[in-house]
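Reading through the structure tokens given below for one structure.
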Amino acid sequence: MELYQLRRVREQKGWSQSRVAEALGVTTRTVSRWEQGQAMPYPYYRQQLSLLFEKNEQQLGFVPDATASNAREEHDAQLAQCSPLLPHRAFLIDPTIPNGLRRFSNVFGRDHVLALIKKRLLGTKAQRFTALHGLPGTGKTALAVALATDPDLCAHFSDGVLWTGLGPQANTLGHLARWGKLLGATPGLAEQMSATAWRQALSSAIGSRRFLIVIDDAWNLEDALTLTVGGPNSTYLLTSRLPQVAFEFAHMGAIEIHELAEEDALTLVAHYVPQVVQQRHDDVLALIRAVGALPLALTLMGQYLAFQALSGQPRRLNTALDYLHDASQRLHLHAPVALDARSPSLPENMPLSLYAAITLSVQRLDPQSQEMLAALAIFPPKPNSFSEEAALAVAQASVEALDALWDAGLLESSGAGRYTLHQTIVEYARARGSHSHARQRLVHYILQLSQQHEPDRNALEYETANVLVALDAALELNLHQSLLQGLAQFVPFMQVQGLELVQRLGSTQLMSQTLVQWGNIHLQQQLLDAAHRAFSEALKLNERSDNDPTISASAQYGLAQLSQLRGDNG
């Protein structure tokens, strides 16, 4: 693109950049990027600029260089792919669909959910509303892009695809006006500041035509409903991190998007660094589990590792893997994102990271709910769960604050009366500071629970991971005696369950460490038989799993002390 042509024509006409931007329904920054050759306008905007200035594309300087040509070829290829089967019918594909997102993220492991959503979108009129919801970073927008450019859906919605990204501070009037310009539907001059007038104009222009209307990143129902301007043959696809917004918009058409299965998560990372996944499989798998297989986290880590691997130096790759094992570094890891791939929720000066994505939700919570999130982060993350009773006791907050966390999409249900927190949410909350009062309250709650359920092994097994965390907290807070009184019966229960239990919990090392700690407490209390059981079980578990030399040495030292005590007594 010749840099000066568009600008020269605009100045000859006496138009400012802002006036051009307003006429086309884009930002002044976009016009500036066109004039500087940083971006090539999409075909629709090239056509509108030609009409506006009464010049053809060549006269406006749209002579494609290699970069612009590639961008136009990519868009034209997408347009061709999405063209309906009947070539005489006009097909409109919204130029604001974030195609850059397709280069930034890949839809791995989503075949089943994509097929499910397509079935709904291609279904009857009773299924006109579909909504995707899930944690920040689960890939809802990437799924929506894949659907908006799917050939089957483009053929079905033969008049086109309309797209808009809302965000927390949505300019619904601006979105309606932009759609109006795309469709050639414009209210009278006196009514152009009225959302109602734009809705009427758009509804009239769409009529009975078949459109897929995608409303991305909705934060409240009112904004989303304002954009439901289609006729009886149009269908809506909404994405939101808020389950309540998704349900109120689509009711039974609300679909929760979960994190990936481990196998699909490995495939996603291998897309960026196949050699690392092959050579350091266990390290990569540990990182996948650390971020709960969240697609955004996996994509950021994959890109980071790919860059470090470019040098071909094992040292840099080893350092990068160590870096990613630090929770704080994972949270703040970020990568450059194309402008058309950025979430509408993300401020322009904020890099895309897990921390930024989660902060957007946390900032909208009231102080009590924020405090409750920090308190609940003392529980082990998913797949562990905790009861509503435990949550309220530990956080010393109201049930309304608990509901607010669920409404914000930060807390997940895990069966009747139980909840769970995703690993990334726990890491985020812990990174913002420890909560010693909540840990102390957890110790006292578990103490009461163990006393209430002394004969009920099923109840104790359900809370095993939470009990282990409470024990660690008690040791650090010097609450040994009070916890020992309530949990003495838990030691034999834990030993009976053995390796099968701890493997199911995924906490073999923590269980071994805890047994050593209990053994030391029993030694101090002169409970020699109980101490022998604890040290012996710690050795047994450690030998069958990690074989951590530190745990082994501590258990053997405890047994040596025990032997000495028994010898003295004998």
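Points to keep in mind about this one:
- Thr267 - accessible surface, heavy atoms, 1.4 Å probe, Å² rounded to 10: 60
- Per residue, the solvent-accessible area of the stretch 240-377 (1.4 Å probe, heavy atoms of protein chains only, all protein chains present) comes to 46 Å².
- For the stretch 153-261, the ratio of Cα radius of gyration to the globular rule of thumb 2.2 N^0.38 Å stands at 1.10.
- Rounded percent of accessible protein surface that carbon and sulfur make up, the stretch 199-242, 1.4 Å probe: 42
- Extending 7 Å from the Cα toward the beta-carbon at both Gln368 and Arg432 defines two label points whose distance is 1.7 nm.
- Under 23 Å of direct C-alpha separation, and excluding same-chain neighbours fewer than eight residues apart, Lys119 reaches these lysines: Lys140.
- Label point of Gln275 set 7 angstrom out along Cα-Cβ; within the stretch 306-323, amide nitrogens under 14 Å from it belong to 306-318.
- Surface per residue (accessible, 1.4 Å probe) for the stretch 382-479, Å²: 43
- Between the stretch 373-394 and the stretch 222-278, the Cα center-to-center distance that results, in Å: 26
- Sulfur and carbon atoms: percent of accessible area, the stretch 305-435 [1.4 Å]: 53
The values are calculated or read from the model by the stated rules, or taken from the named source; none is laboratory data. This one's a predicted model, so the numbers in the text were calculated from it and none came from an experiment. A quick note on method: Cβ atoms are made from the backbone with ideal geometry, for glycine too, and the neighbour counts reach across all protein chains shown. Accessible surface areas use protein heavy atoms only, side chains included; no ligands, DNA or RNA. Shrake-Rupley method; radii C 1.70, N 1.55, O 1.52, S 1.80 Å.
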